[in-house]
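Have a look at the structure below before the remarks.
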Amino acid sequence: MSVSPSFDERVAERLESMSPAEQRVVRYFQDNREEVLIASAAALAEKAETSDATVVRATKALGFAGLEELRRTLAAELRNSLSPAERLSRTLGEVGGSLPAAFETTLETQIQSLADLRRTITPELFQAAIEGMIGAKRVLVFGLGPSSAVADYLVFQLSRFGLEAAGLSNTGLLFADDLRRLRAGDFVVMLAYGRVYTELSALLDEIRRLRLGSLLLTDTLAAMLQHRVGIVLPVARGRADMLSLHTATLGLIETLLVGIASQRPAETLANLRALNEAREKLAGKAMDLPVSPEGGAKPRTP
């Protein structure tokens, strides 16, 4: 069985035969592979300083039927290319032993990832995610490894806002217990990056079986899983060849939280006031949670 050429092999073989504008697009693809997975043709054209049509022509000149096939190829290669140790080694190779370089490089990568959210997440996608969460009987949040901490944070804040929420973070055979908790009316938020773990695949099957609403926050899995989930919010974890960073994911989660509060302000404020009252009982004095009867901040007490 023949093996399809890799992305870089296609570039090496075909780049010289392309027009200068197409070459510029392909070089942008090479340097920004994770963004190619999540950005529209229009966004890629803007970044490469060319037109949508040139982006499409460059994609086909590489031998791909279209952007979706290109994305699938890049996603597969990214999933299998670098281990966490190799990513860190490349990061350290770039910053060396310089603390200022570590500071500036990491901040610049995080800033770029946050800026990418504006280009990849449309108002319609954001609205659909908010409506799915606030319209559900319960929100379940899936995340494994480092993403489990971010998932727990989202569950914590949703609960404070008065939404019923729970986490799905077991691994291995214990994940069967998590799957058994799913029920009609749930909305499942999934944080998943890199590859489709066994637990994620089983969760997607159960979501389909129960016909549950779902939201996926991902980088390289968007092209592969977009037909298995209700909503995909693409979010990059920095550069594909460097240490994974979660700033953009956390930033996106907090925009979702603000969006939820904006659509149910009375309920959110009522739940925060109830939390304030419970704190006062525990502390034996007035607490300082910044919620006033008018919904604004109140002066801090010593």
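The values are calculated or read from the model by the stated rules, or taken from the named source; none is laboratory data. A quick note: this is a predicted structure, and the numbers were derived from the prediction, not measured. Don't worry about glycine lacking a Cβ; one is built from the backbone with ideal geometry, like all the others, and counts go over all protein chains shown.
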Original post:
List the pairs whose first member sits in the stretch 207-222 and is farther than 18 Å from Ile130 by Cβ and modelled with pLDDT under 95, whose second member is surrounded by fewer than 23 Cβ atoms within 10 Å (Cβ to Cβ) and hydrophobic (A, V, I, L, M, F, W, C), and whose Cβ atoms are under 6 Å apart, counting only residues at least 6 apart or on separate chains?
Top reply: Thr220/Leu78
**OP:** Answer yes if at least one residue in the stretch 227-244 is touching a residue at least 60 places away in the same chain (Cβ under 8 Å), part of a helix (DSSP H, G or I) and surrounded by 22 or more Cβ atoms within 10 Å (Cβ to Cβ), and no otherwise.
**Re:** no
Subject >> Hits in the stretch 167-217 - residues which are small (Gly, Ala, Ser) and out of contact with any Leu (no Cβ under 7 Å at 6 or more places or on another chain) >> reply: Gly167, Gly172, Ala176, Gly185, Gly194, Ser201, Gly213, Ser214
Original post:
Among the numbered criteria (1) over 17 Å from the mean Cα position of the chain (by Cα); (2) in a helix (DSSP H, G or I); (3) within 20 Å of Val232 (Cβ to Cβ), which single criterion is violated by Ala136?
Top reply: (2)
Original post:
Does the stretch 181-204 contain at least one residue that is buried (at least 19 other Cβ atoms within 10 Å of the Cβ), among the acidic types (Asp, Glu) and assigned to a strand (DSSP E or B)?
Top reply: yes
Original post:
Within the stretch 13-43, can you find the residues that are aliphatic (A, V, I, L, M) and under 13 Å from Pro234 (Cβ atoms)?
Top reply: Val36, Leu37, Ile38, Ala39, Ala43
Original post:
Regarding Ile231, is this residue closer than 30 Å to Glu94 by Cβ, of a type in the set (A, V, I, L, M) and not assigned by TED's automatic domain parsing to the domain that holds Arg71?
Top reply: no
Subject >> Test: residue in the stretch 165-176 that is within 23 Å of Thr218 (Cβ to Cβ), within 20 Å of the chain's Cα centre (by Cα), exposed (fewer than 13 other Cβ atoms within 10 Å of the Cβ) and at pLDDT below 95 >> reply: no
**OP:** Give the residue, chosen from Thr54, Thr106, Thr50, Thr73, that is at pLDDT below 90 and buried (at least 18 other Cβ atoms within 10 Å of the Cβ).
**Re:** Thr73
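Within the stretch 97-119, restricting attention to residues that are among the hydroxyl-bearing types (Ser, Thr, Tyr) and part of a helix (DSSP H, G or I), which residue is nearest to Ile38 (Cα to Cα)?
The residue in question is Ser113.
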**OP:** Scan the stretch 57-66 and give yes if some residue there is part of a helix (DSSP H, G or I), of a type in the set (S, T, N, Q) and modelled with pLDDT under 90, otherwise no.
**Re:** no
**OP:** State all residues of the stretch 122-166 that are more than 22 Å from Ala184 (Cα to Cα) and among the hydroxyl-bearing types (Ser, Thr, Tyr); if no residue qualifies, say none.
**Re:** Thr122, Ser147, Ser148, Tyr153
